[in-house]
Amino acid sequence: MDNFRRAMGDASTYLSRAVQDAHIGDEATIMYNRARQYTEEKLGKAERTENDSHFDDLANRTDQTKNYTEKLVKNTEAVLVPNPAARLETFMFDNIPVDKLGVKNTRLSNLEYLGTDMIEGGNEFGPATPYGSALIRVGQAQQHLGEIERNYIRGGHDALIAPMQKFLDSEMKNIMRERKILENKRLDLDACKNRVRKARAMQLQPPKDGIDPRAVLDQSEAELRVAQADYDKQVEITRLLMESLGSIQTNHLRYLGEFVESQAKYYAECNTCMQDLQQELSSFTNTASNPYISPIPISRPRSRCQVVRDYDALQSDEMSMMAHEVLNVLECDPVEEEWILVERGNKFGRVPRRMVRYI
């Protein structure tokens, strides 16, 4: 009874969709015949045409490819951005041009938020103190890690997620559409076979209502030949598309390699950043009881600045800088027109004013 109810429910759904899609009488008849054939198959009252074993193997491999590719895309997204809400926002901004969206993604990562708070705390505690200067330096490292992470998310998405999603939306979607067409062709074929069987059975009965049994059989057999040809053609189309998936794995292997490369780069950059930070912090700890005194007369900090581009120190009293780095700005005493004094942690140095912008 439960199977009967499920079959009737499936048939009702199939029939409802069929009626919605039918715009003319002939198409409505076709859709009705499909729904009827589908229902009788579910109830075990009608036979269905089966594909050969090779075709079934191709269909199974296609389903596996689709399912696992969808899982890989979903799980890779979760690895790159674990938070679901942040993931939606991040990938939405990555995939939609800013000029069409109308807004920019200004959300900071957790590392960048932490770095900002550390730098602000270090300035409050005093950038000239060991703890304050160390807090600022660690904050700058967190901000740098946030930038590395942002590049990794973008690179991982472009390397693996985007091309695999494109595959699902194009090749795989096309194959599934052709398989759906094939299923409809198969229902049409089996419905024609049933009509032929009934027409042949009519040959043993006297004509009713002026209907010629021979004419009914001829028409049914003609419809069967057309349905068989349409079905065979669709089988071949679908088979060729599914067989082409074998070459797709070559592309997916390349995507996987590019993703691993982006991961390796990410972890290497993070390791370098943390190794450098760890070495600098050890010097902070060693000099905590004897704070570093700048050899250059300075006044109190006035503001902060961001480095415009990389700068390599030319003199011993200068400081090398990296682009986008945020530093504390102090003034030389007396004030110099072309030079300012900047502070990073417990280190001081002179840099050209033109190499930074105040923030």
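The values are calculated or read from the model by the stated rules, or taken from the named source; none is laboratory data. Predicted model only: the values in this text are computed from it and were never measured. For neighbour counting, all protein chains shown are included, and Cβ atoms are generated from backbone atoms with ideal geometry for every residue, glycine included.
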So, of the residues in region 62-78 that are in contact (Cβ under 8 Å) with a residue 40 or more places away in the chain and out of contact with any Lys or Arg (no Cβ under 7 Å at 6 or more places or on another chain), which turns out to be surrounded by the most Cβ atoms within 10 Å (Cβ to Cβ)?
T65
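Rundown of residues vs (1) within 23 Å of G115 (Cα to Cα); (2) modelled with pLDDT of 80 or more; (3) out of contact with any Gly (no Cβ under 6 Å at 6 or more places or on another chain); (4) in a loop (DSSP other than H, G, I, E, B), yes/no style:
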| residue | (1), (2), (3), (4) |
| --- | --- |
| Y292 | no, no, yes, yes |
| R304 | yes, yes, yes, no |
| Q315 | no, yes, yes, yes |
| H324 | yes, yes, yes, yes |
| E343 | yes, yes, yes, no |
| R354 | no, yes, yes, no |
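Looking only at region 197-211, decide whether some residue is assigned to a helix (DSSP H, G or I) and closer than 29 Å to R150 by Cα.
No, because not a single residue in region 197-211 is assigned to a helix (DSSP H, G or I) and closer than 29 Å to R150 by Cα.
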Name the residue, out of Q234, Q249, that is assigned to a helix (DSSP H, G or I), closer than 23 Å to D190 by Cβ and free of Cβ contacts under 8 Å to residues at least 60 places away in the same chain.
Q234
Listed by first then second residue, the pairs whose first member lies in region 208-220 and is in the same structural domain as C192 (by TED's automatic domain parsing), whose partner is exposed (fewer than 11 other Cβ atoms within 10 Å of the Cβ) and not acidic (D, E), with beta carbons under 6 Å and at least 6 positions apart or on separate chains, are P213/Q203
Given the residues A85, A28, A59, A78, which is the only one that is assigned to a helix (DSSP H, G or I), aliphatic (A, V, I, L, M), closer than 23 Å to I161 by Cβ and at pLDDT 80 or above?
A78
Looking only at region 309-353, filter to residues that are touching a residue at least 40 places away in the same chain (Cβ under 8 Å) and among the basic types (K, R); which one of those is surrounded by the most Cβ atoms within 10 Å (Cβ to Cβ)?
R344
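Is there a residue being aromatic (F, W, Y), in the same structural domain as Q165 (by TED's automatic domain parsing), under 38 Å from the mean Cα position of the chain (by Cα) and closer than 18 Å to F55 by Cβ anywhere in region 229-251?
yes
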So, A222, is that one out of contact with any Lys or Arg (no Cβ under 6 Å at 6 or more places or on another chain) and over 30 Å from I248 (Cα atoms) or not?
yes
Pull up region 188-207, narrow it to residues that are within 56 Å of the chain's Cα centre (by Cα) and free of Cβ contacts under 8 Å to residues at least 40 places away in the same chain, then point me to the one that is surrounded by the most Cβ atoms within 10 Å (Cβ to Cβ).
C192
